[in-house]
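Asks: The structure follows.
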Amino acid sequence: MKHQITLTENDYLTFQLYDSSTNPTKRKARRRGYIIITLASLPFIFHGYRNGYDFAFYFGIAWFVLAAMFGSMYFKWAAKKHYIDHVRDAYKKLTDEKFEIEISDDVISTVEKTGSSTVKISEISVVIEVPNHYLIRLTTGPTLILPKTNAALNEEILAMIERHKIDHEVQLDWKW
């Protein structure tokens with residue numbers, strides 16, 4: 001059965017944020033930035049304490065407390081802002097474009113305004129289910145983003161997963 005899908009800016013953003021939240025390198029970079037920004041207050045604390053500079057000491061203490069309390073929220077906000085800008089820039093011609101998708105026995109076929117493509121179902125490495133999307137990761141690297149707006153398509157995806165014994169990661173509690 002053919003289904004009409006329209007991917008919005010929010011669909012691309014959800015994929016980017018999910019990928020960032022599960023990528024160990026990106027998570028490590030955010031954690032490293034959080035630690036650096038928190039520990040950068042220590043020279044002020046030690047210098048102010050050692051030399052009797054109250055302003056430097058209390059400035060360092062305030063910096064440390066604020067960075068420890070709000071640093072992780074800041075880095076999540078900065079990453080989300082980065083991905084919003086990235087999606088608006090990189091996907092501006094792809095958003096709100098309709099395409100057709102059809103899941104048959106052996107392939108997933110898509111037709112859009114630039115052409116058509118088929119993906120062998122055997123080349124799907126995993127289907128990740130997040131609250132509002134299915135992310136179908138292929139063995140060659142790319143990921144198909146399918147919003148859960150079409151109940152019939154959702155049933156076809158679940159049937160395809162069971163029929164072909166595809167790995168299915170259910171992460172319905174995921175949020176950025």
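Asks: Give the residue that is modelled with the lowest pLDDT, with candidates limited to residues of segment 22-53 that are exposed (fewer than 13 other Cβ atoms within 10 Å of the Cβ) and outside any helix (DSSP H, G or I).
Replies: The qualifying residue modelled with the lowest pLDDT is GLY52.
Results for (1) of a type in the set (S, T, N, Q); (2) touching a helix residue (DSSP H, G or I) at 6+ places or on another chain (Cβ under 6 Å); (3) part of a strand (DSSP E or B); (4) in contact (Cβ under 8 Å) with a residue 24 or more places away in the chain, shown as yes or no for each residue.
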position	(1), (2), (3), (4)
TRP77	no, no, no, no
LYS81	no, no, no, no
HIS86	no, no, no, yes
GLU100	no, no, yes, yes
ASP105	no, no, no, no
VAL111	no, no, yes, no
SER116	yes, no, yes, no
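Asks: Can you tell me which residue within segment 123-149, out of those that are surrounded by 11 or more Cβ atoms within 10 Å (Cβ to Cβ) and farther than 19 Å from GLN171 by Cα, is farthest from the chain's Cα centre (by Cα)?
Replies: Looking only at segment 123-149, we keep the residues that are surrounded by 11 or more Cβ atoms within 10 Å (Cβ to Cβ), and these are 123-139, 143-149.
Checking which are farther than 19 Å from GLN171 by Cα leaves us with 123, 139.
Values: GLU123: 22, THR139: 19 Å.
Selected residue: GLU123.
Asks: For segment 118-149, what are the residues that are closer than 15 Å to THR22 by Cβ and either among the acidic types (Asp, Glu) or in a helix (DSSP H, G or I) (or both)?
Replies: Hit for segment 118-149 is GLU129, nothing else.
Asks: Taking the options ALA67, ALA56, name whichever one is touching a helix residue (DSSP H, G or I) at 6+ places or on another chain (Cβ under 6 Å) and at pLDDT 95 or above.
Replies: On the way: ALA56 fails: at pLDDT 95 or above.
Answer to the check: ALA67.
Asks: Separate question: Of the residues ASP11, ASP96, which single one is in contact with a Pro (Cβ under 6 Å, 6 or more places away or on another chain) and either closer than 29 Å to ALA151 by Cβ or touching a residue at least 12 places away in the same chain (Cβ under 8 Å) (or both)?
Replies: ASP11
Asks: Let me ask you something else. Which residues, taken from segment 1-21, are of a type in the set (Asp, Glu) and surrounded by fewer than 16 Cβ atoms within 10 Å (Cβ to Cβ)?
Replies: GLU9, ASP19
Asks: Part of a helix (DSSP H, G or I), touching a residue at least 24 places away in the same chain (Cβ under 8 Å) and acidic (Asp, Glu): is that true of GLU169 in this structure?
Replies: In short, no.
Asks: Give the residue, chosen from GLY48, GLY33, that is under 20 Å from ALA67 (Cα atoms) and under 25 Å from the mean Cα position of the chain (by Cα).
Replies: GLY33
The values are calculated or read from the model by the stated rules, or taken from the named source; none is laboratory data. Model, not experiment: these values are computed from the prediction. With ideal geometry, Cβ positions are generated from the backbone for all residues, glycine too; neighbour counts draw on all protein chains shown.
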